1. Condition first: touching a helix residue (DSSP H, G or I) at 6+ places or on another chain (Cβ under 8 Å) and farther than 20 Å from residue 121 by Cβ. Now tell me which residues in region 92-105 satisfy that.
2. Mind counting the residues in region 184-217 that are under 21 Å from residue 16 (Cα atoms), open to solvent by 10 Å² or more (accessible area, probe 1.4 Å) and acidic (Asp, Glu)?
3. What pairs come up if the first residue lies in region 231-257 and is in contact (Cβ under 8 Å) with a residue 12 or more places away in the chain and more than 17 Å from residue 213 (Cβ to Cβ), the second is acidic (Asp, Glu) and in a helix (DSSP H, G or I), and their beta carbons are under 9 Å apart, counting only those six or more places apart or on different chains?
4. Of all residues being touching a helix residue (DSSP H, G or I) at 6+ places or on another chain (Cβ under 8 Å) and on the phi > 0 side of the Ramachandran plot in region 191-249, which is modelled with the highest pLDDT? Just the residue, please.
5. Would you call residue 6 closer than 19 Å to residue 180 by Cβ and either surrounded by fewer than 21 Cβ atoms within 10 Å (Cβ to Cβ) or in contact with a helix residue (DSSP H, G or I) (Cβ under 6 Å, 6 or more places away or on another chain) (or both)?
6. How many residues are among the hydrophobic types (A, V, I, L, M, F, W, C) and open to solvent by 10 Å² or more (accessible area, probe 1.4 Å) when one looks only at region 220-232?
7. Just name the residue that is modelled with the lowest pLDDT out of those in region 292-338 that are open to solvent by 70 Å² or more (accessible area, probe 1.4 Å) and under 25 Å from residue 262 (Cα atoms).
8. If I filter region 180-206 down to residues being part of a loop (DSSP other than H, G, I, E, B) and more than 13 Å from the chain's Cα centre (by Cα), which single residue comes out as farthest from residue 36 (Cα to Cα)?
Amino acid sequence: MRYTGNETIGFLDNVADSVPGPLGGVMPHRIAERLRTQIPDPWFVWNEFCPVGTHVGVSITAPCTVYLTGYTLDDAPQWMSLNSVVDGRQIRRDIVMQDLGRAVPDLVSRTLELRPGKPMRIDLDPAQSDDGNFTLALSHTCLAEIIGIDSDEDVLPWHGTESRRRWTHYGSSISHSGQSVNPADRWMSQVARELDLRTRDFSLSGNAQLDQCLARAIANEPADFISCAVGINLVNADSMRERAFVPALHGFLDTIREGQPDTPLIMITACSCPMQENTPGPVICGADGVFNVVGRHVDYDEGALTLSRTRVLIEEALAKRADPKIGLIDGRSLLGEEDTGYLDDNLHPNQQGIDLIARRFAFALPEALAKLERQG
């Protein structure tokens, strides 16, 4: 059997829709076209198109080959992760992508020109798995085109057991975890494995900006629980003052609640980041790859957001809402002031910091959800 084009969509998890690729395959989008086109920002266009948290899952009874390719912005190596169960244990095989194509941004038209590389093949054998089930985590730092799936026998989609809880998450570059070389090492991926969760991933580097279309996307996605990490992008982009932030936060939560009035929802405030704790943005990246605050150069700056202020405002907003199904995790309990040595570029945690966030969130999440169940 050969599966091509739209026939491959069912094998993809964490996908809203797709577009045709230059090599005749499909390229997944995490947000539906009607919603994603409402944000005309080049960095959003790229990060939404990156298949962060997206998997190809197959269940096979005969050898199978998956053909795909990637499109990258530079020459940095890109990795995928293949997972199966052998002798009752999760086995991970890291795969470096080969013969990548290029994605060339046009900042005027806010589009991407895709220059194809060559298809690569990933050969799977049911003998290498207890149950013939394989999950391929796509790279979170480049685009993907799924070209086809071949086998002598039928291939079925595999996205884990139906008993897994569905976790929808919204967050910034820290959730995106671009500092992780392998998608399996992102903190969300680690937590999902530890707690056996199926994720719907709206991690958008630089773009956790409380956009209404993202709230609508979250509202439209069935979930057993939702988490939203909010604060740092608003400050480092200097995109809101206090006057806009508070009603935007309420509007974001109102929109989610329209679609999911009773789903447990956990707000996560910003992790520690010394340069932004008490200084407004914007933040820029220097030639050395290190981020620093530029800040506004005005004498009167009342209402400018800092990280410490966003935490206070989020807590006050949740108190006013009095929603027993909304909880709060202080981001500093995941990465605190004593952990900021992991911020190699002053802003993003390195892999050690990402691992720390994963361990702490996996520990905190069950109790946070149990508390919401008791309150509800």
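1. Filtering region 92-105 for residues touching a helix residue (DSSP H, G or I) at 6+ places or on another chain (Cβ under 8 Å) gives 92, 94, 103, 105.
Scanning region 92-105 gives 103, 105.
2. 1
3. Pairs that qualify, where the first residue is in contact (Cβ under 8 Å) with a residue 12 or more places away in the chain and more than 17 Å from residue 213 (Cβ to Cβ) and the partner is acidic (Asp, Glu) and in a helix (DSSP H, G or I), are 246/316.
4. Looking at residues that are touching a helix residue (DSSP H, G or I) at 6+ places or on another chain (Cβ under 8 Å) and on the phi > 0 side of the Ramachandran plot, I get 210.
5. Details: closer than 19 Å to residue 180 by Cβ: no; either surrounded by fewer than 21 Cβ atoms within 10 Å (Cβ to Cβ) or in contact with a helix residue (DSSP H, G or I) (Cβ under 6 Å, 6 or more places away or on another chain) (or both): yes.
Taking the combined requirement at face value, the residue does not satisfy it.
6. First, pick out the residues of region 220-232 that are among the hydrophobic types (A, V, I, L, M, F, W, C): 223, 225-226, 228-230, 232.
This time we only want the ones that are open to solvent by 10 Å² or more (accessible area, probe 1.4 Å), so: 223, 229, 232.
The qualifying residues number 3.
7. Among them, the one singled out is 322.
8. To start, the set of residues in region 180-206 that are part of a loop (DSSP other than H, G, I, E, B) comprises 180-182, 186, 196, 204-206.
Those still in the list that are more than 13 Å from the chain's Cα centre (by Cα) too: 181-182, 196.
Values: 181: 26, 182: 26, 196: 29 Å.
So the residue we want is 196.
The values are calculated or read from the model by the stated rules, or taken from the named source; none is laboratory data. These figures come from a predicted structure and were not determined experimentally. Cβ atoms come from the backbone with ideal geometry, glycine included; neighbour counts cover every protein chain shown. The protein model used for the area step is the full one, side chains on, heavy atoms only, and it has no ligands, DNA or RNA in it. Shrake-Rupley method; radii C 1.70, N 1.55, O 1.52, S 1.80 Å.
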